[in-house]
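Undergrad: Have a look at this one.
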Amino acid sequence: MNRFSELLRDDDGAIADAAVRAARVHSPPVAALPEDEVRRHVRAVVQAAIGAITAGGELAEADLRAAGRLGADRARQGVPVAALLDGFQAGRALIVRTVVERGRAAGLPADDLLEGMIRIDAVATALEHRMVHAHRIAELEMARTTRDAHAQVLRRVLHGESDDPAPLDPARPYHCLVSDVSDPRTAASLERRLTGGLCALVDGRLAALVPLVPDLPAGALFVASPAVPLADVPSMYALCRAALRAVAGEGGLHRLPDLALAVAAAGAPDLGRLLADTLLDRLDPADDFHRQLAETALAYLDNDKRIEPTAGALHVHPNTVKYRVRRFADITGRSLVPPTGAAVAHSAHWWWALRTWLAR
């Protein structure tokens with residue numbers, strides 16, 4: 001079976017990454033989780049499975065623990081066991097398909113390939129049983145606590161499905177907060193700061209409704225809406241989630257109104273690409289100097305087209321900014337200076353086009 005073991009080689013993590021993509025495609029609740037969070041667990045389970053299969057089908061306790069951690073964390077993140085299994089089965093099918101394709105290409109005898117499939121099935125079944133068991137145990141533990149009851153209330157309020165928001169006060173406005181934090185242990189440490197309302201993992205991310213926005217650690221990314229009545233919370237939650245995607249990778253607290261343009265732009269990516277293709281068609285994304293010019297142009301717009309603040313933001317000499325802005329106009333054939341009567345739209349279109357182009 002040495003030749004079969006070679007079919008499962010995953011030195012570059014390609015099989016694990018493909019399993020992550022398959023799980024996200026076939027399970028919307030899993031896709032709602034941050035991709036890094038899905039990758040962290042799926043890679044561990046896939047590597048455990050590959051190790052056990054190539055070793056003859058024997059799973060070590062450490063391998064089973066990886067599956068157990070996946071099941072328990074998904075329960076705490078509010079992912080139903082059915083959705084968890086949808087993602088797991090998609091990853092399992094991907095591995096089987098990969099092995100069959102590689103085996104046929106390598107000319108592996110049908111009997112060896114069949115024996116390998118049986119081994120894969122046995123290992124996957126054992127991992128699945130441990131994962132589901134851990135998910136159910138975690139659900140039972142949470143069901144016994146007031147904390148989980150409050151988490152269920154929060155989920156229903158955020159999704160607009162609650163007729164009884166207690167312990168929230170229907171007469172009081174609340175700020176909706178959504179974070180990029182998805183790890184249950186990290187979330188538990190942050191919950192202590194989010195007092196006066198409700199806080200829990202919802203749709204895979206830490207969310208909260210609080211009467212006052214507290215000081216939050218600089219590392220975690222949070223988006224906060226203005227304080228609104230509970231009836232307006234579902235729409236604020238949807239906007240906060242959209243804003244979170246728009247500023248992904250940044251840290252700290254962001255106020256939702258400050259992200260209005262970023263959220264609107266993120267909601268129409270095809271239009272952003274059209275603007276970039278129209279306004280920046282003469283720039284080459286692979287050219288470092290062109291990217292430098294685009295970054296300078298964006299900073300120039302963000303600093304109200306003032307040279308000194310732009311130079312400070314970029315940590316360059318003001319003359320360097322002047323040169324780059326001039327070269328940007330020369331190469332693109334367009335000016336960042338707006339025509340009379342169209343300053344707002346002109347600047348917004350350039351900002352949108354530059355952000356889209358630089359993200360390529």
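The values are calculated or read from the model by the stated rules, or taken from the named source; none is laboratory data. The shown structure was predicted, so the numbers you read here are calculated from the model rather than taken from an experiment. All Cβ positions, even for glycine, are placed from backbone atoms using ideal geometry, and neighbour counts span all protein chains on display. For the accessible areas, the whole protein counts, side chains as well, though only heavy atoms, and no ligand, DNA or RNA atoms are used. Shrake-Rupley method; radii C 1.70, N 1.55, O 1.52, S 1.80 Å.
Undergrad: Considering each of Ala166, Ala106, Ala110, Ala149 in turn, give the residue that is at pLDDT below 90, within 19 Å of Asp203 (Cα to Cα) and surrounded by fewer than 20 Cβ atoms within 10 Å (Cβ to Cβ).
TA: Ala149
Undergrad: Of these, Pro309, Pro318, which one is open to solvent by 40 Å² or more (accessible area, probe 1.4 Å) and either among the hydroxyl-bearing types (Ser, Thr, Tyr) or more than 16 Å from Thr356 (Cβ to Cβ) (or both)?
TA: Pro309
Undergrad: Still on this model: Go through segment 48-78 and give me each residue that's more than 20 Å from Val96 (Cβ to Cβ) and in a helix (DSSP H, G or I).
TA: Glu61, Ala62, Leu64, Arg65, Gly68, Arg69, Gly71, Ala72, Asp73, Arg74, Ala75, Arg76
Undergrad: So, of the residues in segment 128-146 that are of a type outside the set (D, E, K, R) and exposed (fewer than 13 other Cβ atoms within 10 Å of the Cβ), which turns out to be farthest from Val46 (Cα to Cα)?
TA: Checking each candidate, the answer is Thr146.
Undergrad: Identify, by number, the condition in (1) more than 30 Å from Leu206 (Cβ to Cβ); (2) touching a helix residue (DSSP H, G or I) at 6+ places or on another chain (Cβ under 8 Å); (3) part of a helix (DSSP H, G or I) that Gly87 doesn't meet.
TA: It fails just one condition, (1).
Undergrad: In segment 4-54, how many are under 21 Å from Gly204 (Cα atoms) and aromatic (Phe, Trp, Tyr)?
TA: Number satisfying all stated conditions: 0.
Undergrad: Quick check, is Val344 of a type in the set (Val, Ile, Thr), part of a helix (DSSP H, G or I) and under 36 Å from the mean Cα position of the chain (by Cα)?
TA: Values: of a type in the set (Val, Ile, Thr): yes; part of a helix (DSSP H, G or I): yes; under 36 Å from the mean Cα position of the chain (by Cα): yes.
So Val344 passes the test.
Undergrad: What are the pairs with Cβ atoms under 8 angstrom where one residue, in segment 255-282, is closer than 22 Å to Phe328 by Cβ and of a type in the set (Ser, Thr, Tyr) and the other, located anywhere, is open to solvent by less than 30 Å² (accessible area, probe 1.4 Å) and part of a helix (DSSP H, G or I)? Sequence gap at least six, or different chains.
TA: Qualifying pairs under 8 Å: Thr278/Ala353.
Undergrad: Return yes when Pro214 is at pLDDT 95 or above and surrounded by fewer than 19 Cβ atoms within 10 Å (Cβ to Cβ) and no when it is not.
TA: no
Undergrad: Any idea how many residues of segment 22-68 are out of contact with any Asp or Glu (no Cβ under 9 Å at 6 or more places or on another chain) and surrounded by fewer than 18 Cβ atoms within 10 Å (Cβ to Cβ)?
TA: Residues flagged as out of contact with any Asp or Glu (no Cβ under 9 Å at 6 or more places or on another chain) and surrounded by fewer than 18 Cβ atoms within 10 Å (Cβ to Cβ) within segment 22-68 amount to 12.
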